[in-house]
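Inspection log for the structure reproduced underneath, given as structure tokens.
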Amino acid sequence: MSSDRRKFAPSVARNRDFILPILRRVLPATGMVLEIGSGSGEHAVHFARHLPELVWQPSDADPEALDSIADWVAEARLPNLLPPLRLSLMQEDWPVRAIEAVLAINVLHFSPPESTQALFHGAAGVLGAGGVIYCYGPYRRRGRHTAPSNERFDEWLRGVDARFAVRDLETVEAEARKAGFHLEEIIDMPANNFSLVFRQR
């Protein structure tokens with residue numbers, strides 16, 4: 001029986017090399033990055049390996065995900081990749097301080113709607129001036145899906161959990177503004193996804 005608890009997410013291989021150039025451009029040269037909902041842990045390994053001047057802090061709320069991340073971290077043996085933290089978006093105090101950026105890749109649509117507000121509220125408490133939040137995933141624009149595939153994905157999400165859904169980009173932006181962030185960039189990505197770059201005012 002294998003003791004390897006690593007999980008493999010096919011979406012990581014599809015999107016990581018499109019996300020990486022954006023992170024190179026929008027993240028600070030040095031400092032700590034907190035990844036919310038790190039899932040399998042594959043993104044954390046990939047980005048920590050290619051952005052060695054940044055310290056990468058993966059996190060998740062799911063115990064199985066934390067096991068997978070821990071094993072990926074142990075296998076990678078990267079000096080800038082930390083063991084995962086247990087962190088839920090809905091918890092009041094995040095167990096990190098003085099970080100430069102927050103990443104949420106494919107998180108908001110797999111979370112209850114109140115998690116959107118919680119993401120920006122929590123990030124505002126740990127980011128310094130000019131801190132960055134990077135969000136990746138599908139979004140509706142002006143109340144409409146941007147592609148039939150996203151509409152089908154939205155139906156599937158709601159079938160998994162009635163609280164899950166492809167979020168309205170305008171709603172996400174409004175919650176960001178309430179917490180003191182402005183939407184700096186909207187970047188079209190493959191497979192009808194978007195990269196959203198928010199910066200603290």
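Read the figures in this text as sums done on the coordinates, not as results from a lab. Worth saying up front: this structure is predicted, and the values here are computed from it rather than measured. Note that each Cβ is placed from the backbone with ideal geometry, even for glycine, and that neighbours are counted across all protein chains shown.
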### Euclidean distance between Cα centres, the range 141-175 to the range 1-57, Å
24
### Query
Counting only residues 5 or more places away or on other chains, whose amide H sits under 5 Å from the amide H of residue 78 once H atoms are built in the peptide plane?
none
## Note on the structure
Once phi for every residue in the range 141-158 is put through the Karplus expression 6.51 cos²θ - 1.76 cosθ + 1.60 (θ = phi - 60°), the whole-Hz ³J(HN,Hα) values, with Gly and Pro written as x, are 10, 6, x, 10, 5, 8, 7, x, 5, 5, 5, 5, 4, 4, 4, 5, 4, 5
### Task
Please name whichever of 165, 88, 8 sits farthest to the positive end of the charge dipole of the chain, dipole taken about the Cα centre and charges placed at Cβ: Lys and Arg +1, Asp and Glu -1.
165
### Task
Would you please give the residues with an amide H less than 5 Å from that of residue 146, counting only those at least 5 places away or on a separate chain, with H modeled from the backbone geometry?
141
#### Entry: Sites matching trypsin sites (Lys or Arg not before Pro) across the range 152-188 that sit in DSSP coil, with at most 16 neighbouring C-beta atoms within 10 Å
163
### Extension gain (nm, one decimal) between residue 201 and residue 67, 0.36 nm per residue minus Cα-Cα
44.7 nm
### Query
In the Gaussian network model of the chain, springs joining C-alpha atoms below 10 Å, which of 79, 148, 112 carries the largest mean-square fluctuation?
148
### Residue among 156, 26, 111 farthest towards the positive dipole end of the range 10-200, charges placed on Cβ
26
### Query
Taking H as built 1.01 Å from N, whose amide H comes closer than 5 Å to the amide H of residue 168, not counting residues under 5 places away?
140
### Task
For the range 187-201, just list the computed ³J(HN,Hα) in residue order, Karplus coefficients 6.51, -1.76 and 1.60, θ = phi - 60°, integers in Hz, with x standing in for Gly and Pro.
10, 5, 10, x, 6, 6, 9, 9, 9, 10, 10, 10, 10, 5, 5
### Query
Along the range 91-105, what does the Karplus equation 6.51 cos²θ - 1.76 cosθ + 1.60 (θ = phi - 60°) give for ³J(HN,Hα), rounded to whole Hz, x for Gly and Pro?
6, 5, 10, 7, x, 9, 9, 6, 10, 9, 7, 10, 10, 9, 9
### Summary
Note on the range 1-156: alpha-carbon gyration tensor, axes a ≥ b ≥ c; rule is a/c under 1.5 for rounded, else prolate if a/b larger than b/c, else oblate; result rounded
### Task
Work out the length of the dipole vector of the chain about its Cα centre, built from +1 on the beta-carbon of each Lys and Arg and -1 on the beta-carbon of each Asp and Glu, and round it to the nearest 20 debye.
400
